[in-house]
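Peer 1: Below you'll find the structure I mean.
The values are calculated or read from the model by the stated rules, or taken from the named source; none is laboratory data. Everything quoted here is computed from the prediction, not taken from an experiment. When we count neighbours, we look across all protein chains shown, and the Cβ atoms used for this are built from the backbone with ideal geometry, even at glycine.
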Amino acid sequence: MSVIDPAAKTMSCGASAETAARKNIDVCLLGASLDTGNLGVSALAESSIKIILNRCPGANVTIFGGRSQIEHRMRLFDREVCVTNIPLRFCKNIFLPDHYCRFFLHALLFKVLGRKRARKLFAGRNPYVSAIREADMVVDILGGDSFSDIYGLFGFMQSFLIRWLIVMFKKKLVMLPQTYGPFKHRLARILAKHVLKHAGKIYSRDRAGLEYVRNLLGPRNAGAPIEFCPDVAFVLDAHHPQNSDVIRLEEMRKTRGVLVGLNASGLLWSGGFTRDNMFDLRVNYPDLLGGVIERLMQNENVVILLVPHVFSPERTVEDDPHACRQLYDSVRARYSDRVFLLDGAYDQNQIKYLIGTCDFFIGSRMHSCIAALSQCVPALGLAYSRKFHGVFESVGVEEFAVDMRHATTDEVLTTVDAAFKKRKATAEHLKAVIPGIQAQVLNMFNGVS
């Protein structure tokens, strides 16, 4: 990654001038990032870019948000792609060129003065603002499940302020497939409705979300362009990591025969951001995962791989490796030769490859489950919100998304047994439906001008 000029246009590296001229549009991506350590968010970002380039091969894609001014490089469609990241700050130093207040001032003057006069007045003065102002298309995915206040009202308010900027710049948002709601606060519902009213297209990754958005918008907006589309991460590419973990996985499968991946969520292990069972789980999460391991160990052919999906260098409440290590330490005295910990750091593509080596997968991070399902690996989702059910339903395996807010520990373990026993039938079902799901996601922009 290298520091770049945010005003510079980026495009697929090595693309021909003819392709660029034919499909050269500027697209701004909101609500996703490639450098948060949350591999689910990274999967959403890369998959969204892949979908954009599938529709417009020469598109210049800019990620709006984050703290760093960098350039990301990735390989898509057998070529290297370069993507700009424009930072956005909510901090005390309002004189920074990438501070929200600067963007807001420009947007306000843009709205008051009009497009031509504002462009003439501010041309070249703030390249960060110029990149937003000149975008031909703005697509938004809001972390997949952050169009809600379940993670707190403050975070949703910051998200709203960013979307409000786009509206003030008179851009139509394309809401990529995500979960909408729920909202605990009336203010959040009002602000969410304001954003959706200014969307040119709204995709929901679950069918229940279609009705939820219609009810949120109300009868006056009955003609809103709302459509179902599965989660974009179903088209994320898997990349073979070049390290010893792959060799170790192959040896484990040869020794025992059934490799089960188990993702432990640091956020749930810690009790949420508030550390007091923020999501109102009915189960004790650490004890539940211990019980899952005990239940699976009853099958002597099973070996378990503990898989993190969110990496936090500061070891915050979200850090999965810390939770996986604690879980591993609690069982290794009894199962040192059958429970293994995935070491090292991986990106979203590599972790997907490793999950794809499993015969069965259990995840509390939803995108770890999508990494499994998209590779036809039967998965069980340990849900803490309603987003799991809709995503599992989109591929016809909703019975294996068990909601820990409502299910007891015994009920969860019973579902684990049922899903494990049906894993071969589920794998065959996924092989039949996943190619169609991936085609639907990859071509979702074919109807968008």
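Peer 1: Step by step: first the residues of region 319-365, then only those that are closer than 27 Å to K50 by Cα and assigned to a loop (DSSP other than H, G, I, E, B), then the one that is nearest to the chain's Cα centre (by Cα). Which residue is that?
Peer 2: Once the filter is applied, the top-ranked residue is R365.
Peer 1: Let me ask something else about it. Which one is nearest to the chain's Cα centre (by Cα) among residues in region 370-419 that are closer than 19 Å to I437 by Cβ and of a type in the set (F, W, Y)?
Peer 2: F388
Peer 1: Kindly check whether there is at least one residue in region 351-359 that is at pLDDT 95 or above, of a type in the set (S, T, N, Q) and over 18 Å from G266 (Cβ atoms).
Peer 2: The answer is no, given that none of the residues of region 351-359 is at pLDDT 95 or above, of a type in the set (S, T, N, Q) and over 18 Å from G266 (Cβ atoms).
Peer 1: Among the residues of region 136-156, which ones are within 19 Å of N277 (Cα to Cα) and among the hydrophobic types (A, V, I, L, M, F, W, C)?
Peer 2: Listed by number, the residues that qualify are I150, L153, F154.
Peer 1: Just give me the residues in region 289-313 being among the charged types (D, E, K, R), in a helix (DSSP H, G or I) and surrounded by fewer than 16 Cβ atoms within 10 Å (Cβ to Cβ), in sequence order. Give the steps one after another, and end with the answer.
Peer 2: Let us first name the residues in region 289-313 that are among the charged types (D, E, K, R), namely 294-295, 300.
Next cut, in a helix (DSSP H, G or I) only: 294-295.
E294, the sole residue that qualifies.
Peer 1: Need pairs with beta-carbon distance below 6 Å; first residue assigned to a loop (DSSP other than H, G, I, E, B) and within region 263-288, second among the small types (G, A, S); sequence gap 6+ or separate chains.
Peer 2: Once the first residue is assigned to a loop (DSSP other than H, G, I, E, B) and sits in region 263-288, its partners that are among the small types (G, A, S) give N263/G363; N263/S364; N263/S368; A264/A323; S265/S364; N277/G271; M278/G272; F279/G272.
Peer 1: Right, next: Would you confirm whether any residue within region 179-202 is among the β-branched types (V, I, T), at pLDDT below 90 and assigned to a helix (DSSP H, G or I)?
Peer 2: no
Peer 1: Also, quick follow-up: Within region 128-147, which residues are in contact (Cβ under 8 Å) with a residue 60 or more places away in the chain and out of contact with any Asp or Glu (no Cβ under 8 Å at 6 or more places or on another chain)?
Peer 2: First, the residues of region 128-147 that are in contact (Cβ under 8 Å) with a residue 60 or more places away in the chain: 128, 130-132, 134-146.
Passing the criteria: S130, I132, V138, V139, D140, I141, L142, G143, D145, S146.
Peer 1: Determine the pairs where a residue that is without any contact (Cβ under 8 Å) to a residue 40 or more places away in the chain, located within region 76-90, has a partner that is acidic (D, E) and surrounded by fewer than 21 Cβ atoms within 10 Å (Cβ to Cβ) with Cβ atoms under 9 Å apart, the partner being 6 or more residues away or on another chain.
Peer 2: Qualifying pairs under 9 Å: R89/D98.
Peer 1: Moving to a separate point now. When you look at F361, is it hydrophobic (A, V, I, L, M, F, W, C) and surrounded by fewer than 21 Cβ atoms within 10 Å (Cβ to Cβ), yes or no?
Peer 2: Against the criterion (hydrophobic (A, V, I, L, M, F, W, C) and surrounded by fewer than 21 Cβ atoms within 10 Å (Cβ to Cβ)), F361 does not qualify.
Peer 1: Take the residues in region 77-101 that are of a type in the set (A, V, I, L, M) and surrounded by fewer than 19 Cβ atoms within 10 Å (Cβ to Cβ); name whichever of them is nearest to A238 (Cα to Cα).
Peer 2: L96
Peer 1: Just to confirm my filter: which helices (runs of 4 or more DSSP H) fall fully inside region 369-449 and include at least 2 residues that are aromatic (F, W, Y)?
Peer 2: Details: elements: 387-394, 409-421, 423-442.
Those helices (runs of 4 or more DSSP H) span 387-394.
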